Each structure stands twice: as C-alpha cells, then as structure tokens.
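The values are calculated or read from the model by the stated rules, or taken from the named source; none is laboratory data. Please read these numbers as outputs of a predicted model, since none were measured by experiment. We place every Cβ from the backbone using ideal geometry, glycine too, and count neighbours over all the protein chains shown. Protein only, heavy atoms only, side chains kept; ligands, DNA and RNA dropped before computing areas. Shrake-Rupley method; radii C 1.70, N 1.55, O 1.52, S 1.80 Å.
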Amino acid sequence: MTVGSTLLKLQELDLALERDQAALDGMPEIAQLAKKRKAYLKLKGDANKLLAARKDLENDLADLDEDEAFCNAAVDQAQSEMQKPENHRLMKEFEQQLAGIAKKLDKINFARKDKIAALEKAKSNEAYATEYIAKFEASVIEDTRAAREKADEIRNRIEVSRHQRDALIKTVDSSIIDTYNKASKRFNGLGVEKLEGTVPSVCRMSLSPSSMDSLKGADEVAECPYCHRLLVISAEEE
Ligand SMILES: [Zn+2]
C-alpha cells in the first residue's frame, strides 16, 4: 500500500472508530432500559400493595369467622341453659339474648358477602398484575439481551478497527503518522483528502493549473494549497 492510500485508509478507520464509539456511548436502548427498570420497580410496588390489600381482606374474613364461631357458641350455651328447669323463669331474657345474637350473625353474614366480593376482585387484580409483571419482566430481559448484543457488535467492530489501525500504523514512518495525527486533530477527523482530477475530495476547491504543476514534482502526499489538509496526489485503487 502506498503512503497516500495508507493515510486515507487510516482516516477511514479513525472516522469509523469515532462513529462507533459515539454510537456505543449514546445507545438510546440504555436510557430506555433505565426507564423500563424504573417502571418495573413501580409495578412491583403496586403489586405489593395489591397483595397487602388481599391479605387484609383475608384477615377480615378470618375475623368474621371467629366472630361467627363465638356467636354460635353463645347460642349453644343459651339454648342449653334454657333446657334447665331452674332457668324457666328467665326464658324471656334468653330469648332476648338469642335475638341479639341472631342480629349479630346477620350482620356478620352481610359483611362476609361484601368481603368475599372484594376478595374476588382483589384476587383478579392481583392475577392481572402478576401476569402483566411477568410479561414486563420478559420484555426487560429481551431488551437487555438485545442492547447487550448491539453493544457487543459495536465493541467487536471497534476492536477490529483498532487492530487494523495498529497494523496499518506499523507500515509507515512514524513521522508521517505524527503529521497525520496533527492534521486529523486540526481538521476534526478529516485531515486527509484525495486529489480527484484537479479537485481535492474534502475542500472541493478546484486547483489552478499552476498549483497542479507544482504538485507534479511533489511527493505522493502534499499539502492542499487551499485548506492545508494532507493531500494525497495519487492513491492506488482499492
Ligand atoms: Zn483542500
């Protein structure tokens, strides 16, 4: 490879490296994933609230069962007391007591219906949330995988370019590389241009006949009289 072709190839590699590094640093997938992870934590928090609400309802129902058992025991007790002959004169009080307990049992049954309906609703909300979260989890996992794959692809490309760059640098004199590096820095990555006919490939200023004449005697790589980039006079075709 001629020095001119080497410099052009080097510039191509450096531009690709810069593009790839920028793509890697600015991957929109990373920001999206961060957002999704935040949303996922919120969903988990909501699911915990649903679970707590369901547990509350289950506890309420257990309390109602306990109250009912207590009332039933009181009914049994009152009824057995009523059988005793010595208690016959207290019959009215027992009846009042039983009526009171019956009212309580009625209230318990009424409350239970509400709680059972609420529990069904809570369970269905919970099941929906669980399913939704599972799907969400799967999508986060898939997005993470895809982002990792994309990042790995870019990293591989960067590594290949770096190897090519290192190998390329060894083929030319280090002073030429110094000149290239300076030009690259000065012209923001585009320090080398190629003469196409009478027109340099970057600045596109057509060279005058006298400039063309003076370039005839010059080395393979000269300096553009207009923009002062490194000007490759003749590069071998790739
Ligand atoms: Zn130029």
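The figures follow:
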| read-out | value |
| --- | --- |
| Residue under evaluation Thr6, criteria (1) in contact (Cβ under 8 Å) with a residue 60 or more places away in the chain; (2) under 20 Å from the mean Cα position of the chain (by Cα); (3) farther than 30 Å from Ser124 by Cα, criterion not met | (2) |
| Subset tally (residues that are open to solvent by less than 40 Å² (accessible area, probe 1.4 Å), within 13 Å of the ligand (Cβ to nearest atom), assigned to a loop (DSSP other than H, G, I, E, B) and touching a residue at least 60 places away in the same chain (Cβ under 8 Å)) for segment 185-202 | 1 |
| Exclusive hit being touching a Cys at 6+ places or on another chain (Cβ under 6 Å) and of a type outside the set (Asp, Glu), set Ile133, Ile101, Ile116, Ile108 | Ile101 |
| Hey, Asp65 at pLDDT 95 or above and over 24 Å from the mean Cα position of the chain (by Cα) or not | yes |
| Subset tally (residues that are of a type in the set (Gly, Ala, Ser) and open to solvent by 50 Å² or more (accessible area, probe 1.4 Å)) for segment 1-51 | 4 |
| All positions within segment 67-80 that are surrounded by 11 or more Cβ atoms within 10 Å (Cβ to Cβ) and among the acidic types (Asp, Glu) | Asp67, Glu68 |
| Residue within segment 168-184 that is within 15 Å of the ligand (Cβ to nearest atom) and within 30 Å of Ile30 (Cβ to Cβ) present | yes |
| Residues of segment 9-46 that turn out to be touching a residue at least 40 places away in the same chain (Cβ under 8 Å), part of a helix (DSSP H, G or I) and within 22 Å of Thr144 (Cα to Cα), as a count | 14 |
| Any chance Tyr128 is of a type in the set (Ser, Thr, Tyr) and away from the ligand (no atom under 16 Å from the Cβ) | yes |
| Any hit, segment 60-78, residues being among the aliphatic types (A, V, I, L, M), in the same structural domain as Phe110 (by TED's automatic domain parsing) and in contact (Cβ under 8 Å) with a residue 40 or more places away in the chain | yes |
| Members of segment 203-225 found to be crowded, with 16+ Cβ neighbours inside 10 Å, within 12 Å of the ligand (Cβ to nearest atom) and either assigned to a loop (DSSP other than H, G, I, E, B) or of a type in the set (Val, Ile, Thr) (or both), listed by number | Cys203, Leu207, Cys224, Pro225 |
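Yes or no, residue by residue, for (1) outside any helix (DSSP H, G or I); (2) under 30 Å from Asp20 (Cβ atoms); (3) free of Cβ contacts under 8 Å to residues at least 40 places away in the same chain; (4) open to solvent by less than 70 Å² (accessible area, probe 1.4 Å):
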site: Lys92; (1), (2), (3), (4): no, no, yes, no
site: Leu119; (1), (2), (3), (4): no, no, no, yes
site: Ala134; (1), (2), (3), (4): no, no, yes, yes
site: Ile141; (1), (2), (3), (4): no, yes, yes, no
site: Arg148; (1), (2), (3), (4): no, yes, yes, no
site: Arg155; (1), (2), (3), (4): no, yes, no, no
